[in-house]
Amino acid sequence: MNILAIDTSMQATSCALLQVTDKTTTLLAANYLNVALTHSETSQVLAENCLQAAQLTLKDIDYFVAVNGPGSFTGLRIGVTLVKTWAYSQNKPCIAVSSLSTLAAAVMDLPEDTCLIPCLDARNERVYLQVEVAGKIVIPAQATAFASIKEQLQVKLPQTVKKIKFISTGKPEWADKYAATFQPEFTAVNWQITELSAVQAAKVAALQIQEQRAKLLPYNELVPNYLALSQAERQRQLKK
């Protein structure tokens, strides 16, 4: 099977083409661009370049994958719309992959005493996050104040978990002032910085398909998952 994935959830745009058989997973082509261009200017071009490099067309794609959030509101709409268009034109299913799950997939072999928190800066000392222990989500994706994380962890985590590993596209400059607040309950708080990648999203989708837990969506059911109201929506609510 062939999987075409795109990520426009943050500033960069990336696209990946993955071929999966019963025995192998092969990255056929990938493109990544982080320049002063909009997602609408780059996403279609990157996808066309991937297909051309692999000598394939949209007709050869079995699953279309979008990183559907959380992230940039405008970026998410562009990526999701593009994938919906591909899926509609080829009558093929879509798969939505969370940006947080995409980040988490970059971490392998985490010790049992450590929880993993993929997170993204949501501004004003808030973050989008989910919490995982041993590969299982124990706190679902949400937008929350960074200051409230410890309280949630104390309620939801097993007592054997004493360390925290954040993985993100960047460490917020204000994060260090909260470091001491996790003690003494948690003995170590570490950050891993990485990039969101359509390659990783395609691999997440491939694993879901292989394990028969992928949610295959018709094009009209693929939507962004913002986890928060846009600024315009917040302002409208304040005026009511």
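The values are calculated or read from the model by the stated rules, or taken from the named source; none is laboratory data. This is a predicted model, so every value here is computed, not measured. Cβ sites come from the backbone with ideal geometry, for glycine too, and all protein chains shown count toward neighbours. Side chains included, ligands, DNA and RNA excluded: accessible areas come from the protein's heavy atoms. Shrake-Rupley method; radii C 1.70, N 1.55, O 1.52, S 1.80 Å.
Structural remarks
- Solvent-accessible area per residue, Å², over the range 106-146 with all protein chains present [probe radius 1.4 Å]: 51
- For the chain, the longest principal axis of the C-alpha atoms and the axis of helix 198-210 are separated by about 80°.
- Against the chain, whose longest principal axis comes from its Cα atoms, helix 39-54 is set at around 60 degrees.
- Carbon and sulfur %, accessible surface of the range 88-211 computed with the full protein complex present, 1.4 Å: 48
- Above-threshold pairs, the threshold being 25 Å between Cα atoms, out of K171/K215; K136/K163; K136/K162: K171/K215
- Using Cβ point charges alone (K and R +1, D and E -1), the dipole size of the chain about the Cα centre works out to roughly 660 debye.
- What the Kirkwood sum gives for the range 65-223 is a hydrodynamic radius of 16.6 Å, with every pair of different alpha carbons counted.
- Residue-averaged 222 nm ellipticity for the chain, from DSSP H runs of 4+ at -39500 (n - 2.57), nearest 500: -9000 deg cm²/dmol
- Count Lys and Arg as plus one, Asp and Glu as minus one, and take only other residues whose Cβ is under 14 Å from that of Q130; the net charge is then +2.
- Choice from A202, A122, A134 showing the highest fluctuation, given a GNM over the chain with Cα pairs closer than 10 Å: A134
- Seen against the Cα atoms of the chain and their longest principal axis, helix 73-90 is set at about 30 degrees.
- Gyration tensor verdict on the range 61-118 (Cα atoms; rounded if a/c is under 1.5, prolate if a/b is larger than b/c, oblate otherwise): oblate
- Modelled spin labels at M1 and V223, positioned 7 Å past Cα toward Cβ, are 2.5 nm from each other.
- Computed over the chain: relative contact order in percent, which uses C-alpha pairs under 8 Å that are six or more apart: 23
- Along the chain, counting only GluC sites (Glu not before Pro) with a DSSP assignment other than H, G, I, E or B and at most 11 other Cβ atoms inside a 10 Å radius, the longest segment between sites is 1-111.
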